[in-house]
Amino acid sequence: MLLGQDGLVEGAGSEDGISESLELLQIEVDWESPERESLPTGAAACCSKNVQRKQKHWEKIVAAKKSKRKQEKERRKASHAGHTASCPQHSKRFLRALTKERLLKAKDSGPRLCIDLSMTDHMSKKELSRLAGQIRRLYGSNKKADRPFWICLAGFATDSPLYTECVRMNDGFSSYVLDLTEEDCFSLFPLSTLVYLTPDSEHALEDVDPNKVYILGGLVDESVQKKVTFQKAREHSVQTARLPIQEYMVRRQNEKNYHSEILAINQVFDILSTYFETRSWPEALKKGVSPGKGYVLQNSVG
Ligand SMILES: C[S@@+](CC[C@H](N)C(=O)[O-])C[C@H]1O[C@@H](n2cnc3c(N)ncnc32)[C@H](O)[C@@H]1O
């Protein structure tokens, strides 16, 4: 009898099918049995019939075993696919990869948004916390967008109190998919590509151009430091624009008679992002200008 190291039949030659069957069943057969050689012809024929019958039987068993293995393999495959779909860990990882891919695409194709964080020196801890929260909301919106912007946090030192606040308040801040640099936004891009968004501009923004870089002032001051970004843009001879609130909205009567076109950076971003996806200023402004600002869309006034 010829057995391999693992006890399987070797060198069965013409009995390939049988040897495979036997290998699967791990049955040892004495093909070259000396007793068989010495048997009389009738007995040999009877034995060979017996072997054939046994062979058929084994083949049936092997076929059944093979099919069972195949079924088991398919069952495992199906269960793994189901597990992948229902397992939040898996789908989360997959979605994260998709989001990253979309964000990185915007780095090449635009549009680009730069947040000018070079004016945070005199901000209180409370203001820094509010700004950090707005950066988190802005980044969160961008991640969900079908056509995200590439974001750059400029004038942002990693040893600044704002950075510490962002890391403290914003989960996973250090792995945000964006550019972060100490350099000033005016030295990062050609000046002709920059549009500084500021509520004090005399020009209303008409369109979002993927070839431009839109700058938002990293400020939460609202009323205290008026025209800061407008003056800064002027000093660098950079184009400015305000959101077209006056063009598409009207003042709504309210008890406090309060009306403001000054929005937080995440609200401005929601408007830009919605406009870029829908090409509709009314839709975009409706989304970003909260009722508290005292403005409603022109056609919604009865
Ligand atoms: C809270 S505001 C700060 C306003 C501040 N007085 C200034 O000088 O920009 C934060 C930033 O959001 C953007 N922003 C807010 N309202 C805007 C508007 N109506 N149009 C364009 N940009 C606006 C500007 O980039 C602004 O710097």
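Values in this text are rule-based calculations from the coordinates and carry no lab data. None of these values were measured; they are calculated from a predicted model. In this analysis, Cβ positions are derived from the backbone assuming ideal geometry, glycine residues included, and neighbour counts consider all displayed protein chains.
Ranking of Glu277, Glu202 by neighbouring Cβ atoms within 10 Å, starting from the fewest: Glu202, Glu277.
Which of the lysines could a cross-linker bridge to Lys65, judged by Cα under 20 Å and excluding same-chain residues fewer than eight apart? Partners within reach: Lys54, Lys56, Lys73, Lys77.
Pair-distance distribution of the range 228-292: all C-alpha pairs, bin width 10 Å, starting at 0; shares per bin in whole percent are 19, 44, 31, 6, 0. Here the Karplus curve 6.51 cos²θ - 1.76 cosθ + 1.60, taken at θ = phi - 60°, turns the phi angles of the range 128-141 into couplings of 4, 5, 5, 5, 4, x, 5, 5, 4, 5, 4, 5, x, 5 Hz, with x standing for Gly and Pro.
Legend: ranking of residues Ile61, Ile215, Ile271 from fewest to most surrounding C-beta atoms inside 10 Å; resulting order Ile61, Ile271, Ile215.
Under the definition of Cα pairs under 8 Å and six or more residues apart, what whole-number percent is the relative contact order of the range 96-211? Rounded, it is 34 percent for the range 96-211. With 18 Å as the limit, the listed pairs Lys125/Lys293; Lys105/Lys144; Lys256/Lys287 have Lys125/Lys293; Lys256/Lys287 beyond it between alpha carbons. Peptides 227-238, 93-104 ranked from most to least packed, by the mean per-residue count of other Cβ atoms within 10 Å: 227-238, 93-104. Across the range 182-192, coupling constants 3J(HN,Hα) worked out from phi with the 6.51/-1.76/1.60 Karplus curve, θ = phi - 60°, read 7, 5, 6, 4, 6, 9, 8, 10, x, 4, 5 Hz, and Gly and Pro carry x. When a/c is below 1.5 the answer is rounded, else prolate if a/b is larger than b/c, else oblate, so apply that to the range 101-242 with a ≥ b ≥ c taken from the square roots of the Cα gyration tensor eigenvalues. It comes out oblate by the Cα gyration axes.
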